[in-house]
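Below is one structure, written out as structure tokens; comments come after it.
Quick note: the coordinates plus some simple rules give every number you see, no bench work behind them. Owing to the predicted nature of the structure, the values given are computational and were not obtained by experimental measurement. Here the Cβ positions follow ideal geometry from the backbone for every residue, glycine too, while neighbour counts run over all protein chains shown.
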Amino acid sequence: MYRYDDHDHAIVQARVAQFRGQTERYLAGELSDDEFRPLRLQNGLYIQRHGPMLRLAVPYGLISAAQLRRFADVARRFDRGYGHFTTRHNLQLNWVKLAEVPDILADLARDELHAIQTSGNCIRNVTTDHFAGIAADEIADPRPWAEILRQWSTFHPEFSYLPRKFKVAISGATEDRAAIQVHDIGLQVVRNDAGEIGFKVYAGGGLGRTPLLGQVIREFLPWQHLLTYTEALVRVFNRHGRRDNTYKARIKILVKALGREEFSRQVEAEWTNLQGGPATLTQAEVARVTAQFAAPAYETLAADDLCHLSHLREDKAFACWVARNVQAHKIAGYAAVTLSLKKLGAAPGDASSEQMEAAADLAERYSFGEIRVSHEQNLILADVPQRELYTVWHRAKAAGLASPTVGLIQDLIACPGGDFCALANARSLPIAAAIQERFEDLDYQHDIGELELNMSGCMNSCGHHHLGAIGILGVDKNGAEWYQITLGGRQGSEARIGEVIGRAFAAADVPDAVERLIAAYLAHRHADERFIDTFDRIGILVFQHAAYPHPHQSRRAVNG
Amino acid sequence: MAKQIIKERRLQDDAWKVVNLVDGEAPFDVCLPVGPLLVPVAVWKAKKACLIHREYEHGTPLGIWLAPEDDLAEIAADIDDFTVIAVHFPKLADGRGYSTGRLLRERHGYDGELRAFGDIGRDQIFFLNRVGFDAFVIGEGKSAEEALAAFDDFPESYQGDAVQPLPLFRRRAA
């Protein structure tokens, strides 16, 4: 992974000092709330229901064992001994004290960690595929490009007061595991006919109040121009994005208003002035960064480890875990292990300090000392030899990290919701827990099979509800919490925004409604058909009838 | 006390006056006080001849101020005439002026004084300086003395900018 040199260290250290000064001036009353807000947000600090929430960055989801231990230590000393992993490679601490944040940042900086641009109207943490570097369908490793973009976007002097937040995601594989089409900029690594690396550029995707998929504004951008082109694109947004209405300020609204062709034309026009300039990437820089993501020293192993195969035969629970939580690796004899953060009784994505340390131990012993954070809010050991899987499973179980439910309903995505977040209209966590409990029976879950259930506590869509095969959105109706259900959302290369099925449900009715939807699926599915495939085949109407058993209610629903 | 401005990293007296159009006032009707003026684009266009005459006859230098939404193409041909170009930041969160600064320096080759005024303070100086501003009128109620310390907030930056055109990766390699 990328390791800091003196320059990187100096920049992060300077940020700690700068933020310490800003915090002191705020606490001394020299900075007003309005003046401090953008400064603290650009450092991931929100004022939440219980006080400040600090969002720490895991750049492109890659973290070392030592860094994860640092998170665990900070969570224990400055918070309540746990943190929440989000859908965008961040770790949120919910109970920090404002005056201690500079100390937290100073501690983090010792291990090359920070909270830079994890919020605010600036370029956010660049995200990517959690299987980067190990997936068989990879065109090129996206991480060097993500790191190059991280450096370019860090303290970009021109783009710190954008109309709205700006998120970039990059995928290097055929299958998009980074949800690039719902980002302000989505980059797909491609090769041209000559075999040269470049990017297919999407712009204007995003969830939130107006969910839109990104549009292709350039089919092939040669890699040399990644930064100049991106700079041109963000400049067009900075100058022309709407600033009069915060709900219309994302780049997706600008792209939609101008149309794909006109937006693309404006970017190209701006780019002609920057193309070939000093920000043009050099082979030397790409080589310098790429070298830091070199593959670890893999052993030469047989494709199938005999011990592993016998464990699979003899231990049904292990086989069940492997089927769900172990993913293929491009190197023979290796596998990727998903450590589930979706244990029953814990908030999705939450990890205790002990769990983080356990994951760090596992990474050090069995996976070259590195961990990934997935956008499904789990941790991943990317390079585990097959022969160690049985041991890893036992240890992960002991740490509460082995729920064999990856991709199943228990693996649902949820934001922290109204229990923590000041923006939320409704709580997510009790609903998530109620659904997980309802489907607690593992055989039932496995019978239902792959199902993406995503939940957000408000329109900001941190839980990516639009992309869930079943999406649940918390809405406020005259002070009461209600939940709107969408169906048919997809992430990945065939990304699609889900469709609202009708009238919202009261909190207590959500698990029943979900169960009725799933019953409809089970009644109609063909063999080996996933929920989403059945939905695509039979359409929404069957599900609407199932969701609203009383006909007059469903009519009302359809009428809005 | 004379108005103060940060220039060359120190506080200096400032003689420039900002001319505003009041609601409904036609640009041509604006009364121009004596002394160096920063006029809005509309006034510049309406009274260009008069302003140039003042410079020619009385040596009064030319200045203009730009709002965030102003189109640089409208003044592109005149840019070298100005001794001072000022960019207004009506709200701290309105970052359009940062692009304006870079465009003036990097695209239009403007090398006169580029000043930022409006809702800016110590915490904006470092980036403003990097995008090409070299003079700063600190917003009301904020300390100009304290803002002087902000030029050195960071010892190094990743990107190239209006002051150091080479990004770090080009200097790192050397």
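Looking only at other chains, what is the average number of their beta-carbon atoms within 10 angstrom of each beta-carbon in B:120-131? Each step should come with its number before you reach the end.
Numbers: counts 0, 3, 6, 10, 5, 0, 5, 7, 1, 1, 4, 5.
Across the residues of B:120-131, the mean count of other-chain Cβ atoms within 10 Å is 4.
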Could you tell me the center-to-center distance, by alpha carbons, between segment A:265-343 and segment A:153-206 in angstrom?
18 Å
About the Cα centre, and with charges only on the beta carbon of Lys, Arg (+1) and Asp, Glu (-1), how big is the dipole of segment B:58-106? Nearest 20 debye, please.
280 debye
Taking H as built 1.01 Å from N, whose amide H comes closer than 5 Å to the amide H of A:Gln48, not counting residues under 5 places away?
A:Met53
Charge dipole (the protein assembly as shown, unit charges on Cβ, about Cα centre) - positive-most of A:Asn125, A:Phe199, A:Ala433
A:Ala433
Show the residues, 5+ positions off or on another chain, whose built amide H is closer than 5 Å to the amide H of B:Gly160.
B:Leu168
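Evaluate the relative contact order of segment A:134-290 (contact order divided by residue number), counting alpha-carbon pairs under 8 angstrom at least 6 apart; express in whole percent.
Values: 269 pairs, mean separation 33.1, N = 157.
Relative contact order of segment A:134-290: 21 percent.
Which GluC sites (Glu not before Pro) from segment A:447-488 combine a DSSP loop assignment with at most 16 other Cβ atoms within 10 Å? Let's see the in-between values first.
Working: sites: A:Glu450, A:Glu452, A:Glu481; in loops: A:Glu450, A:Glu452.
For GluC sites (Glu not before Pro) across segment A:447-488 that sit outside H, G, I, E and B with at most 16 neighbouring Cβ atoms in 10 Å, the list reads A:Glu450.
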Are there cysteines in chain A with no second cysteine's Cβ under 4.7 Å away, and if so, which?
A:Cys122, A:Cys307, A:Cys320, A:Cys421, A:Cys458
Say the dipole of chain A comes from +1 at the beta carbon of Lys and Arg and -1 at that of Asp and Glu; which of A:Ser353, A:Ala295, A:Ala546 then lies farthest toward its positive end?
A:Ala546
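Exposed loop GluC sites (Glu not before Pro) only (DSSP loop, at most 10 other Cβ atoms within 10 Å): please give the longest stretch of chain B free of them, not including the sites.
Formally, the longest exposed-site-free interval is B:9-139.
With the convex hull built on the Cα atoms of chain B, state its orientation-averaged projected area in nm².
Values: hull surface 45.0 nm².
So the Cα hull casts an average projection of 11.3 nm².
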Using a 10 Å cut-off on Cβ to Cβ distances, tally the other chain neighbours for every residue of B:155-164 and report the average as a whole number.
6
Kindly provide the trypsin sites (Lys or Arg not before Pro) of segment B:1-110 that DSSP labels as loop, not H, G, I, E or B, and whose Cβ sees at most 16 other Cβ atoms within 10 Å.
B:Lys3, B:Arg9, B:Lys91
Whole-Hz ³J(HN,Hα) from phi, Karplus 6.51 cos²θ - 1.76 cosθ + 1.60, for segment A:467-483, glycine and proline x
9, x, 4, 10, x, 10, 10, x, 10, 9, 10, 6, x, 9, 8, 10, 9
In segment A:119-189, the GluC sites (Glu not before Pro) that sit in a DSSP loop and have at most 11 other Cβ atoms within 10 Å of their own Cβ are none
Which of A:Ser428, A:Ser119 comes first, and how do the rest follow, when ranked by fewest Cβ neighbours within 10 Å?
A:Ser119, A:Ser428
If contacts are Cα pairs under 8 angstrom and at least 6 residues apart, what is the relative contact order of segment B:4-172 in percent?
18 percent
State to the nearest 20 debye the size of the charge dipole of the protein assembly as shown about its Cα centre, where the only charges are +1 on K and R beta carbons and -1 on D and E beta carbons.
900 debye
Quick check on chain A: helices-only [θ] at 222 nm, where DSSP H runs of length 4 and up contribute -39,500 (n - 2.57) each and the sum goes over total residues. Nearest 500, please.
-11500 deg cm²/dmol
Compute the separation of the alpha-carbon centres of segment A:9-31 and segment A:451-465 and state it in Å as a whole number.
34 Å
